[in-house]
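J.: For reference, the structure I am asking about is given below.
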Amino acid sequence: MPDFWEHPKEAQAQMKKIKDLQQWIDGYRDVEQAVDELGTAFEFIKEGLVEEEELDALYADALGKIEALELRNMLRREEDKLGVVLKINSGAGGTESQDWASMLMRMYMRWCEKHGYKTSVANLLDGDEAGIKSCTINVEGDFAYGYLKSENGVHRLVRVSPYNAQGKRMTSFASVFVTPLVDDTIEVKVEPALLSWDTFRSGGAGGQNVNKVESGVRLRYQFTDPYTGEKEEILIENTETRDQPKNKENALRQLRSILYDKELQHRMQEQAKVEAGKMKIEWGSQIRSYVFDDRRVKDHRTGFQTSDVNGVMDGDIDGFIKAYLMEFAKDEDAE
């Protein structure tokens with residue numbers, strides 16, 4: 001088509017489809033090559049031409065590639081391929097809960113770094129003494145939502161708190177909210193008449209870090225649920241950059257993501273009514289416990305657990321993600 005690039009939006013959508021198909025082809029070829037190499041090595045070991053350690057390494061490599069492809073096959077829903085708006089709120093409990101929220105923020109940032117996802121902190125509210133009260137992180141990259149949707153819910157920490165003089169075990173909670181980060185291919189209707197804006201100065205406590213210009217933006221959107229008629233005000237703050245127009249653009253993107261997520265939740269609730277015995281979609285329920293003294297992190301939905309607490313807090317959460325997707329993704333796909 002000679003006029004292909006004369007319609008940039010349609011062309012971009014088509015190129016994304018081609019890219020997605022190419023990733024499946026490349027993944028299949030990688031698996032095929034790994035299995036062929038393993039088969040050849042198995043023949044060679046009989047003749048003493050390959051060491052057993054080398055065969056074990058090739059087996060582990062082939063198994064890893066097969067499992068990675070199988071896991072991606074679980075992500076077939078329209079929203080799975082999108083990025084993520086990840087919001088973390090500390091629970092009641094003051095400094096201990098705020099410290100726990102900051103630990104979760106670091107865990108997800110490290111996971112994103114290891115998987116090559118681009119992150120940007122859209123908003124951050126520091127704790128009173130340590131940690132954070134809340135943060136909003138945008139995660140951009142293919143299938144970020146598909147993988148991180150497993151993290152939506154309440155995360156529970158049990159440890160001897162460094163902030164407790166008696167050295168007692170304390171329990172803290174933090175909530176993680178995961179919303180698809182919409183792109184230009186997703187149509188979401190925003191009514192301009194329901195929008196209003198405030199601006200404020202964003203920056204540190206003083207000195208060189210104070211922003212003298214009101215670059216921070218606060219968006220308010222008067223939303224009425226089309227299914228229930230319930231009204232609510234959606235409030236979004238963005239202090240990501242020192243450029244007010246850019247912050248407005250980012251806040252609008254977050255609004256579109258929230259509205260899109262509300263529609264998804266409605267669909268899931270309707271499906272849950274039809275298949276009540278299958279998968280309970282309890283947004284906001286306690287999903288995972290991190291017990292530091294017992295060296296145990298356990299997911300209450302799948303039963304998956306590990307003793308590698310330090311690894312988990314350093315971003316090694318793929319085992320939890322995989323267990324969730326393998327157990328629940330087929331039920332989701334049935335919708």
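J.: Out of curiosity, is Tyr163 outside any strand (DSSP E or B), at pLDDT below 90 and of a type in the set (Ser, Thr, Tyr)?
T.: yes
J.: Here is a list of conditions, (1) aliphatic (A, V, I, L, M); (2) without any contact (Cβ under 8 Å) to a residue 24 or more places away in the chain; (3) part of a loop (DSSP other than H, G, I, E, B), and Val190 meets all of them except one; can you say which number that is?
T.: Looking at each condition in turn, Val190 falls short on (2).
J.: Would you confirm whether or not the range 120-143 contains a residue that is among the polar types (S, T, N, Q), touching a Gly at 6+ places or on another chain (Cβ under 9 Å) and outside any strand (DSSP E or B)?
T.: Looking for residues that are among the polar types (S, T, N, Q), touching a Gly at 6+ places or on another chain (Cβ under 9 Å) and outside any strand (DSSP E or B), one finds none in the range 120-143, hence no.
J.: From the list Lys262, Lys278, exactly one residue is more than 21 Å from Met109 (Cα to Cα) and either modelled with pLDDT under 85 or touching a helix residue (DSSP H, G or I) at 6+ places or on another chain (Cβ under 7 Å) (or both). Which is it?
T.: That would be Lys278, the only listed residue that is more than 21 Å from Met109 (Cα to Cα) and either modelled with pLDDT under 85 or touching a helix residue (DSSP H, G or I) at 6+ places or on another chain (Cβ under 7 Å) (or both).
J.: Against the definition (on the phi < 0 side of the Ramachandran plot, in a loop (DSSP other than H, G, I, E, B), at pLDDT 95 or above and not polar (S, T, N, Q)), how does Asp316 come out, yes or no?
T.: It is true that Asp316 is on the phi < 0 side of the Ramachandran plot, in a loop (DSSP other than H, G, I, E, B), at pLDDT 95 or above and not polar (S, T, N, Q).
J.: Ile321 versus (1) in a loop (DSSP other than H, G, I, E, B); (2) open to solvent by less than 50 Å² (accessible area, probe 1.4 Å); (3) touching a residue at least 60 places away in the same chain (Cβ under 8 Å): which is the lone unmet condition?
T.: (1)
J.: Right, next: Where the second residue is outside any loop (DSSP other than H, G, I, E, B) and open to solvent by 40 Å² or more (accessible area, probe 1.4 Å) and the first is farther than 19 Å from Glu327 by Cβ and lies in the range 71-83, which pairs have Cβ atoms under 8 Å and are six or more apart or on separate chains?
T.: Note: pairs meeting the criteria are Gly83/Glu140.
J.: Ok, one more. Could you please find all residues in the range 200-222 being open to solvent by 30 Å² or more (accessible area, probe 1.4 Å) and modelled with pLDDT of 90 or more?
T.: Arg218, Arg220, Gln222
J.: Being over 29 Å from Val121 (Cβ atoms), acidic (Asp, Glu) and surrounded by 14 or more Cβ atoms within 10 Å (Cβ to Cβ) is true for just one of Asp30, Asp56. Which residue is that?
T.: Exactly one residue qualifies, and that residue is Asp30.
The values are calculated or read from the model by the stated rules, or taken from the named source; none is laboratory data. Quantities reported herein were computed from a predicted structural model and do not represent experimental measurements. We place every Cβ from the backbone using ideal geometry, glycine too, and count neighbours over all the protein chains shown. With ligands, DNA and RNA removed, areas are computed over all heavy atoms of the protein, side chains included. Shrake-Rupley method; radii C 1.70, N 1.55, O 1.52, S 1.80 Å.
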